[in-house]
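Here's the structure, in structure tokens; my notes come after.
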Amino acid sequence: MKRLLFSTLIILTFAAACATGTPPGSIPDHPLRPLADIDDSGLFSANQNGTKVTFTNDSLYLLDPDSGDKKKLSSAKPIALAWSPDGLSLAAAFERADFETELLVYSTGGMVMNEAVIPVALSQLYWSSRGDLLAVGFVLKVYSFGGNLRQLLYRIDDDTLVETLLTDSTLRPPLAEQVKPLLHKLLPVSFSPQGDELVFLRLHDPPEFSPYFQLLYQNWQFEKPRELLKTPLQAMSLNWEPSGNIVNVLSEEGLQTLNLWPSEGKAVVPLTAENYRFIDGRLYRGLELLADWGKKSQIQKLADGKFLLSVNRALYLGGGLKSHSASTYNEAGWNLRRWRYEELVTPSEYQKLLEEIDQ
Amino acid sequence: MSRFFRLLCLIGLALSVTSMVIAEDCVECHKKETPAAVTQWQESAHAAKLDCTSCHGTDHEAIINGDAAVDAKVCGRCHEKAFHEHVASKHGMGLHAGWGCTRNLDTRDPRECAFCHEEGSTKPKTTVQCARFLTQTAEMRSLGCNRCHQVENSCASCHTNHITDLASVRAPESCATCHMGPDHPQWEMWQTSRHGVLAEALGEEAGPTCQRCHMPNGSHDISFGITMSPAMTQSSGKDFEVRRQEMIGICLECHSKSFSERELNSADAILAQSKELIMEAEAIVRDLADRDLLAPSVQERPEHPLRGRELVLDGQMLYEDISHIERLFFKMKKYDLAKTVKGAFHQNPAYTHWYGNAELKMTLVDIKAEAARLSHTLQRPHEQRGEGDVYHSQEEELQILKRKHDRGAISDEEYREGKQSLFETLPKD
């Protein structure tokens, strides 16, 4: 358990935002542009082309980087923010109780357009490239005889809330009590850049054996997840490559890069020169270190090579990154990815069809 | 020595007196409780040699709890030849063909365990299970399934419990209890065949009974002369030849060899022709399943007790929680095929043609009509979901191709080519 606590603190602190120091620089020829001061929570989000930026500084604000206009959206502090792919709607999640989260959808003018309450503690809020607002959360019910841990995916579509059960685990009483305060950090969820697929952990606590995690991968349009790996109980961080084909898993064992659709049967792939990775405050392209902003910094990649960076309680706009292929983010790419998950097309057929769409 | 011998005699006398007392106790009490059973035993051949405890044992509580059933092995202690013939025959596999473990069923009757397990053993006598049995209530399993399928373990299925007069089991009516009805009307088709009519009018010498052909000379090998499995699969090779010659040997008692061979060969041909119709119907149903046009679909219905979410059209097919077209197929395979083929082997033209062949072909007409209705009137699944774009339409075609490929209906090459032609229709922008 001590090991668990230690690893939780060490590995996941790179996701927290307590900025100190000064940004050392940026991509050559693309200096960072200061936008606003932000609070210790370090929560920020911009729409894809970077024309609308939201951040928290004790309250929730909306900023137009070009004009410098700033508007207060809410006095309450959200726990997650996500912009719609068309850049016209902002989703903000607010913690209402232990296992209750309120979701509000704002227009770019700051009006509340939609609201919903989901009976879970939020793990991830995401807006898919197709326009689906997605939220994943968990709920733990502890009884004298054990605990029931469930992870649920919600799709918010105007007035409808579609619920999908991702995991359902029974925990023995000691483990249920031990993990209860750590679940936010123990159950990371990461959506593919397209938002159609996600990776998440399922906690198993089998009788007579040690508890363990199962890393699962699922296209949410289908019921059945696939197992990527099993691992001892530890804090982990998950994130996807822009292609939506590769997942980076950071754990005590180091960084593991998992190719979800290996063409030659290899699950672990070498780094490629075009892949950007942001790990522990460092931005890499392939193996080349582009910038080091410190462990507490955070980044959001935007369109046209731009990015948003938080360092030292300040928010910056940067540029100079290479853009990813557009085909995987359009409707055709979305459909082809679904076919691949359903095994209607092989990985090589998928790749060929994707290239034909690009031509 | 003489003292020791006297002691042994005294012990022997004491034991026999105890046993006699128990047996006398049975009769005294059961004359009031089950008088017919006592009378039947008293009038039977067993009464001269066996008392109640010889077969039932002395543990009255076990008898009451159903733990001391008089099964075939008890009878086999004396009737050794009959027992071994029975065990080797299709009757001896009654449970193998019809049972399944009820351990996890809500409706389980604990006494059912004894049918498949030796006392104190968790190892089942059989691993073959019956989906139709497992979907029944405990009452239906007892009265509707076991009453016939218990024949494997129970001589009483045919002989009854206490009567030993063989006249009752030599009467063809004895077989009718189980071998009748829509799934295998052997009794009805024999009764109305020339064989049955002659037997009824002029006696067994003129027309053969069930026992005369299938249990000649009192044999308990009821597989005698039969070349088909219960699922109507023809045996092959030497086994076929041996069984066929056995039956021809029976036919020769009244008919010429050429006539016998011709009749049985014709029945074989009718079996093969009828199975062609079944295969045609099955392909139609499977194609609909590939296209997700069955209602309820396999995903929407309760899981099959043995195969889960799988379309089951073989001997484990259910007749409940299925689509209408599957219900038609069930009738065709389970009823119509049996009437046609068994009618042919039992020399009953009306069963062979009108109850069997005509129904078989008319049900195939119904199946084709239902398939056409489903194909033309039902919206395709992606249309029902309001997903009318080319990707969802092609996705459905890909799913159909995949299902066909997964079940071996199309080759790897046909699958690749089918997919390629679909890819070519996709918009490239």
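Here are a few things to note about the model shown:
- Inter-centroid distance (Cα atoms) of the range B:40-55 relative to the range B:283-342, Å: 49
- Centroid-to-centroid separation of the range B:133-161 and the range B:248-275 [C-alpha atoms, Å]: 33
- On association of chains A and B, roughly 1300 Å² of accessible area becomes buried (total for both chains; probe 1.4 Å).
- Solvent exposure of A:Arg172, expressed as accessible area, is near 90 Å², computed with a probe of 1.4 Å over the protein chains only.
- Per-residue SASA remark: B:Thr209, around 10 Å² accessible (1.4 Å probe; ligands, DNA and RNA not included).
- Charge sum, other residues only, whose C-beta stays under 15 Å from B:Leu198's C-beta, Lys/Arg counted +1 and Asp/Glu -1: -2
- Each Lys and Arg adds +1 at its Cβ and each Asp and Glu adds -1 at its Cβ; summed about the Cα centre, chain A shows a dipole of about 900 debye.
- The residues packed around A:Lys71, meaning those with a beta-carbon under 13 Å from its beta-carbon, carry a net charge of +1 if Lys and Arg are +1 and Asp and Glu are -1.
- Surface accessible to a 1.4 Å probe, per residue, for the residues of the protein assembly as shown, Å²: 52
- For A:Lys70, the lysines whose Cα falls under 18 Å of its own Cα, not counting residues fewer than eight places away in the same chain, are A:Lys52.
- The order of A:Arg202, B:Arg244 by accessible area, most exposed first and with a 1.4 Å probe, is A:Arg202, B:Arg244.
- Cross-link pairs exceeding 22 Å in C-alpha to C-alpha distance, out of A:Lys180/A:Lys301; A:Lys141/A:Lys224; B:Lys238/B:Lys334; A:Lys77/A:Lys296, comprise A:Lys180/A:Lys301; A:Lys141/A:Lys224; B:Lys238/B:Lys334.
- Vicinal HN-Hα couplings computed from phi for the range A:110-122 (Karplus, 6.51 cos²θ - 1.76 cosθ + 1.60; Hz; Gly/Pro x): x, 7, 7, 9, 7, 8, 7, 10, 10, x, 9, 7, 6
- The range A:22-97: C-alpha gyration tensor shape, a/c 1.5 cut-off, then a/b vs b/c: prolate
- Cβ-based net charge around A:Gly131, under 14 Å, with every Lys or Arg adding one and every Asp or Glu removing one: -4
- Counting Cβ atoms of other protein chains within 10 Å of each Cβ in A:335-341 and taking the mean gives 3.
- Surface accessible to a 1.4 Å probe, A:Tyr329 within the full protein complex, Å²: 50
- Part-to-part distance (alpha-carbon centres) for the range B:56-96 and the range A:60-136, which is given in Å: 74
- Rounded to whole Hz, the Karplus (6.51, -1.76, 1.60) HN-Hα couplings of the range B:59-74, x for glycine and proline: 8, 4, 5, 4, 5, 5, 6, x, 8, 10, 4, 7, 8, 4, 5, 5
- Per-residue mean of C-beta atoms belonging to partner chains within 10 Å, peptide B:391-400: 3
- Cα gyration tensor of the protein assembly as shown - equivalent ellipsoid semi-axes, whole Å, descending: 74, 36, 21
- Heavy-atom surface analysis with a 1.4 Å probe gives the protein assembly as shown a carbon and sulfur content of 55 percent of its accessible area.
The values are calculated or read from the model by the stated rules, or taken from the named source; none is laboratory data. Because the structure is predicted, anything quoted here is derived from the model rather than measured. Here Cβ is always computed from backbone atoms with ideal geometry, including for glycine, and neighbour counts include all displayed protein chains. SASA here: full protein model, heavy atoms, side chains in, ligands and nucleic acids out. Shrake-Rupley method; radii C 1.70, N 1.55, O 1.52, S 1.80 Å.
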